[in-house]
Amino acid sequence: MVLCMPFLPPPPSAAWRHQDARSGFEVAYFQALDGGHLLTGCTTAVEDQHSWIVDYEIGIDADWNTRRVRVVGRSDAGLRTVTPETDGDGRWRVDGDLAPHLDGCRDVDLESSAMTNALPVHRLDLAMHKRATASAAYVRAVDLSVERLEQQYVRTGGAAQQYGYSAPAFDFACQLTYDEAGLVLSYPGIAVRVG
């Protein structure tokens, strides 16, 4: 049996340059809190001739389950805010309203963010060659709509922390590489870590 390797605590900050799918940049900050972390960040990008800015705050518990999220987006469509939150058992509210289409989701995944791919990897703590489905509350970058997104992760590398990733809804699959803190280093076609 291959044991899981625990991740190191996240650094104070990290940054990614977006590539291919969009042109832009993301910066995230990590603050340890009693019983979890507060993740704050901002992404600015141009994609399909649309420019946007997404600011986020994500509260996670000690097991890296998403608990509360606040996303503020600016685009040609104007300023928007959305606040998804979960009870920790997979039931969600979006802006205070029940969101049964998200039942069972444990993570938030921001379309604008490479950082949010750290959440399921930490939470799942997969052993080598193990696979898991990670349903997520997926927040779109331009209009901040919240959808359900089914994703799969399979641990394919040991010390290198590599995972096969797929999102069938987008007919997308790639090999993600993470650092020792469980943050994405390389997200082919999407982003690369620069700081």
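The values are calculated or read from the model by the stated rules, or taken from the named source; none is laboratory data. Everything numeric in this text was worked out from a predicted model, so none of it was measured. Here the Cβ positions follow ideal geometry from the backbone for every residue, glycine too, while neighbour counts run over all protein chains shown. Calculation scope for accessible area: heavy atoms of the full protein, side chains included, ligands and nucleic acids excluded. Shrake-Rupley method; radii C 1.70, N 1.55, O 1.52, S 1.80 Å.
The table that follows gives values for the structure above.
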{"item": "Linear extension gain, Leu38 paired with Ala21, 0.36 nm per residue minus alpha-carbon span", "result": "3.4 nm"}
{"item": "Cα extents of the stretch 57-157 along the three principal axes, largest first (Å)", "result": "45, 26, 23"}
{"item": "Net length gained if the chain between Asp89 and Arg70 were fully extended (0.36 nm per residue, minus Cα distance)", "result": "4.9 nm"}
{"item": "Using a Förster distance of 41 Å, the FRET efficiency for Val194-Leu98 (Cβ separation, nearest 0.05)", "result": "0.55"}
{"item": "Descending Cα extents along the principal axes, the chain, whole Å", "result": "51, 35, 34"}
{"item": "Within the accessible area of the stretch 1-141 (1.4 Å probe), percent carbon and sulfur", "result": "50 percent"}
{"item": "Relative contact order of the stretch 1-113, pairs being alpha-carbon contacts under 8 Å that are 6 or more residues apart, as %", "result": "14 percent"}
{"item": "Relative contact order computed over the stretch 33-192 (Cα-Cα under 8 Å; 6+ residues apart), in percent", "result": "14 percent"}
{"item": "The chain - accessible surface per residue (Å², probe 1.4 Å)", "result": "47 Å²"}
{"item": "Residue-span extension gain [Glu150 to Arg131] - 0.36 nm each, minus C-alpha spacing", "result": "5.5 nm"}
